[in-house]
Every structure is written in C-alpha cells, then in structure tokens.
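Everything on this sheet refers to the single structure shown next.
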Amino acid sequence: MKKKDGNCDDKLKIMNRNREYYVSKKFICSVVPYFEKMFCSDLLESKENKVELDFDEHVFDSILSWIHTELFIMQMDHVIRFFDAADYLMINERLHEPCLSYFHANFTIEYLPTVLSQVTKVSKLIDSGSIENFICRHFLKIANTNVFLDYPVETIEAILKLDLVVDSEYRIFESIMKWINKKADFRKRLLPQLLKCIRWSFMDPKDLLKLKNNELIKSLNNIDSIISSCVKSDINRSKQNFFISIHRIDDSRLRINVFDSELFCLPIGDFTLDDKMSLDFVHGEHISDILFDSGREGIRIDWSKKTFRWLDFKVAGKNYYNQINESIVKFSADLRFHDRYLEDKNTKLPSSISWDEIVFLEANANNNFILIGKTKDEKKWFGLFPVIHESWFNNFKNYGHSFQATVLDDVVYILTKDQEFIQFNYETKCFNKSEPFKDEKLDFNDLILTSQQTGDDKVILVNKTSRKISFFCVNQKKWIEKYRIMNVNTCPESSSVNRLIAFTSTFLSLKNINPLYNQNFS
C-alpha cells in the first residue's frame, strides 16, 4: 500500500488503555489503512504523532505482532475480539478466512463462556445472534453436560434468559438445580438470582407445585415475591415445536410450509438451491437444519434469503451427527449407558452391527440422541439410550433403510418395510408389535413416519402419493385417518418432481421466519 504525500514524522505513539507503544509511522501507515487515513491526509489528526485506542490489551498486542511479523497465536479466548479490532483497523481482508476457519474448527461448548463475553450483535466474525441461536436450539443437550455444571453464574444467567427450546418451563428449573447442586454450599446463595430467569407465567401448575416442594426452594422465604417480580415475556419457550412439509418444485426449488400441532398450515414460500451456503455447525440466526426420513436426510434452510442446501449424510464422519458430537454430546454428563435388545430386554451390546440399518433420533425426553438399529446376522432390534460413544456418531452413514422410526416422550415407534408397527418404551422396557396395515398394500417408499418429540398424543403416518395423513392415537392405542395434504401443483402424482418429499417435526423460532401471511400460533 502506497503512502500518501504528507509531512509525517516517523515516530508514532499509540496509547491503548493503560499501555503505550512507539512504532514507525511510515511503516504502520503503509500497512494499516486506518492509520494511513488518519495521519497521511489533510485531517487535523494527521498533524499529531499520537493516537488513543480502546482495544483489549492482548488483542492489540496480537494485532501489532501480526502487522510487524505476519505471525500471531490464535486463541478462542480472543479470536472474535481480534477480528473485530482488525476490521476496525481495516486490515480484516487477509485475516477473515484464517480466523473464521479457526473458530469453526475449534469451537465447542467448553468455550461458550468466553465466546459469549466477546460477541455482540455487530461482531464481524460471528455475531451474538448466531451463538444464541445455537444455544437455544441445543440447550437441553448443553444442560446435560459436565461442562454446563462448570460455567460461571454470568454465563448460566445469560443462557437462561434466551428463548430456549424446551418442552416445559420446568426444564429451566431443573437445569438451575443441576448447576446449583454441583457446588451447593457456595452456589445456593445464587438461587434467587437464577430463579428470575424462569418465565413463571408459562409454568404448568403441576410443575409449579413440584417446584415448591423442592428442599432448597422451601428454604427461601420469598419465593412468591420472586415469582411476582419477574419480568413477563410474550414467548412461551415450550411452544416452538412445529411440523414442516417440503415439496420438490424442480431440481433447484423447494416449497416449504409450517404446521402447528393441530396441523394448521402457515405457508412460507419457495426456496432456491444454494450450494455455496456454509455448512459450519454454528450458523446464522436465520438458518435452520431440518432433519427428515428418520434422521437420515436433511437440509439447511436460510429463512431470510429463502435458500436451502442439502446436508450430506453419505460420508461417514463428516455429517451433522459427527459435528454435534464434537461440539456438544461428547461432554455428556449422563453416564447411564443403556444398550439393549428391544424384544428380549437383553442389555448386552450387539456384537455384529448392520451400519446400513441404524437411525439416530433426537429425544427431548432424555435430552439427547438415541439410536435404533438391527443386528447383521440375527436381524434383532437393539437400541442405545442415549448414544454417548464417539464411534457411533463417526460411523453413521445413510445407506438406505428397511424401517422408519420416530420417538415421542419415552416411546420409540418403528414401521418396517413389511409394515410391522413396533412400539418400545425404553424406560419401562415394554415392547409391542402389530400389523395395522397388512391389508392395505402400502408402498413403503411412499410412507413417512413422524411425531413431535414430547407433549403430544399422536404419531403421524403420511402417504406421499395419496397425501393421506393417518394418526396413531397414543391414548386410544388405535390408528385413524384424519387429513389429506392437498397437492401443490397439477402435475401427475407419479411425477418425481413437484411432489411431497418430507413431512417432519422440528424446532423453529418463528421470529426468524417470513411467512406469506402472518398468523399467531398460540
């Protein structure tokens, strides 16, 4: 970079907070546009040989080191502030890619306290909206780790104030008590402070009664005043579970609709394929990962740009499950490792695994992933509740399947290619098998089995060709046909395009979605 003409003495004094630096003005103006514009122009500042800055001391030391040597030691503790400082000084162009790659390659929930302390809404490397979106979507998994128990109270409080994805507000209380009980003698004084993070108006009355019977809560003299003094929120955190339908318009366009628990439709519109969309696990606040086909397929959706990209489940060790294990699950605090055959309740881990016959299911009831599969030789059903070993995540690959599965509360529901319907309660170990569709001659490849994770009374079976929706009523223990999904076009139902390809349950923050018209889900 060429220096502009001007009368600039060579020594420049930089005062950054309580530190002083003396550098060559000629050199620093030649490599840092911020200083070039300030000192080599007609501005008043150009007549001075001194400048005052306000950067983190370690960050500015690293910046000066890089300016003079093109070397710096990258650390998660400073990388976000480092890049913000580089952006301010207008030297960000060469640093963006290495800083961003470092962040995404190294970020795990271990670093949440230091990352939260650095990010703002306008941070250039990654902003607070992206980090908060990650926390909200995966809160129950994060709260089920040893790492969560060691967070400082400032981090716990910042997390609990977010619009977290939970199945009930009581989950917030449970996470508070987990953290308090890790060091109860010291932390119990912080309980009133954290209780203010609960959105009490959305607490179920039965849960509230259970909460008030907690021994530590009983020791508080002012629990009612704490409840009444809390700031009210309009967002019910336990009402963020929706169904979503995906229709293929053509090879580069999808049509997406969102449904509430009663299957009332909120049309979102058409989305265009964008193969350049980043697949980094921590992503923007307007982006969601939608898994379907019993967790074997998925897409990433940018709700703001109305674009999408297919997630890759064909390569073992490089897909969504590997990413989520590396970032969160491997820190799990749940040491109960249950592996068992489903039918005979044997708890011995299967010796011969058929990797093309396994699925991962996200289970809100136990805050983690479970795995359902079949053995290679005996073709016996088995399950892992929860999955905590890295090898299972790393070896997953979508080979195809001969069954579909979904989980609602503590029960796994399975539909086989032979149209057997299996129910397995992994808490009570109850196993039930039936053949409700044996006379219907259904095409297995046309069927979608799905459900919400918790708090519902139905399992849903969708026929992609006829668009019929059948419900298995959990309480009545029977199947009924109730709805049809109307076609989105006039093309023949047998067409490979312009047809329903997915209907699945997912968690969404509606504040980040622009529907074709507004509808308030209550």
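The values are calculated or read from the model by the stated rules, or taken from the named source; none is laboratory data. None of these values were measured; they are calculated from a predicted model. With ideal geometry, Cβ positions are generated from the backbone for all residues, glycine too; neighbour counts draw on all protein chains shown.
For beta carbons closer than 7 Å, sequence separation of 6+ or different chains, a first residue in the range 56-69 that is assigned to a helix (DSSP H, G or I) and a second that is of a type in the set (Val, Ile, Thr) and surrounded by 13 or more Cβ atoms within 10 Å (Cβ to Cβ), the qualifying pairs are Ile67/Ile28; Ile67/Val31; Ile67/Val32. Here Gln404 fulfils each of the conditions (1) in a loop (DSSP other than H, G, I, E, B); (2) polar (S, T, N, Q); (3) in contact (Cβ under 8 Å) with a residue 60 or more places away in the chain apart from (1).
Of the candidates Ser252, Ser261, the single residue that is closer than 19 Å to Asp302 by Cβ and not assigned by TED's automatic domain parsing to the domain that holds Leu162 is Ser252. Select from the range 449-468 the residues that are out of contact with any Cys (no Cβ under 9 Å at 6 or more places or on another chain), in a loop (DSSP other than H, G, I, E, B) and under 25 Å from Val165 (Cβ atoms) and list them in ascending order. Across the range 449-468, the qualifying residues are Ser451, Gln452, Gln453, Thr454, Gly455, Asp456.
Identification of strands (runs of 3 or more DSSP E) wholly contained in the range 249-302 with 3 or more residues that are at positive phi, touching a His at 6+ places or on another chain (Cβ under 9 Å) and at pLDDT below 90 yields no element. Of the listed requirements (1) at pLDDT below 90; (2) out of contact with any Lys or Arg (no Cβ under 7 Å at 6 or more places or on another chain); (3) in a loop (DSSP other than H, G, I, E, B), Lys482 misses just one: (3).
The C-beta contact set for the range 152-167 (first residue basic (Lys, Arg), second residue part of a loop (DSSP other than H, G, I, E, B), distance under 8 angstrom, 6+ apart or interchain) comprises Lys161/Cys197. Here the range 266-289 is the region considered, the condition is being of a type in the set (Ser, Thr, Tyr) and surrounded by fewer than 17 Cβ atoms within 10 Å (Cβ to Cβ), and the residue that is farthest from Ile126 (Cα to Cα) is Thr272. Just so you know, in the range 298-312 the residues that are crowded, with 18+ Cβ neighbours inside 10 Å and in contact (Cβ under 8 Å) with a residue 40 or more places away in the chain include one that is farthest from Thr506 (Cα to Cα), and it is Phe308. If you check Glu215 against the conditions, is it surrounded by fewer than 21 Cβ atoms within 10 Å (Cβ to Cβ), closer than 29 Å to Ile388 by Cβ, over 18 Å from the mean Cα position of the chain (by Cα) and not assigned by TED's automatic domain parsing to the domain that holds Leu112? Spelling it out, it is not the case that Glu215 is surrounded by fewer than 21 Cβ atoms within 10 Å (Cβ to Cβ), closer than 29 Å to Ile388 by Cβ, over 18 Å from the mean Cα position of the chain (by Cα) and not assigned by TED's automatic domain parsing to the domain that holds Leu112. When we screen Thr108, Thr69 for residues that are assigned by TED's automatic domain parsing to the domain that holds Met15, surrounded by fewer than 18 Cβ atoms within 10 Å (Cβ to Cβ) and modelled with pLDDT of 95 or more, the only hit is Thr108. When Ile388, Ile358 are checked against the criterion of being in contact (Cβ under 8 Å) with a residue 12 or more places away in the chain and either outside the structural domain of Leu461 (by TED's automatic domain parsing) or part of a strand (DSSP E or B) (or both), Ile358 stands alone in meeting it. In the set Val59, Val23, Val79, Val31, only one residue is modelled with pLDDT of 90 or more, of a type in the set (Val, Ile, Thr) and more than 43 Å from the chain's Cα centre (by Cα); that residue is Val23. Scanning the range 355-374 for residues that are over 28 Å from Val147 (Cβ atoms) and either exposed (fewer than 15 other Cβ atoms within 10 Å of the Cβ) or at pLDDT below 70 (or both) turns up Trp355, Asp356.
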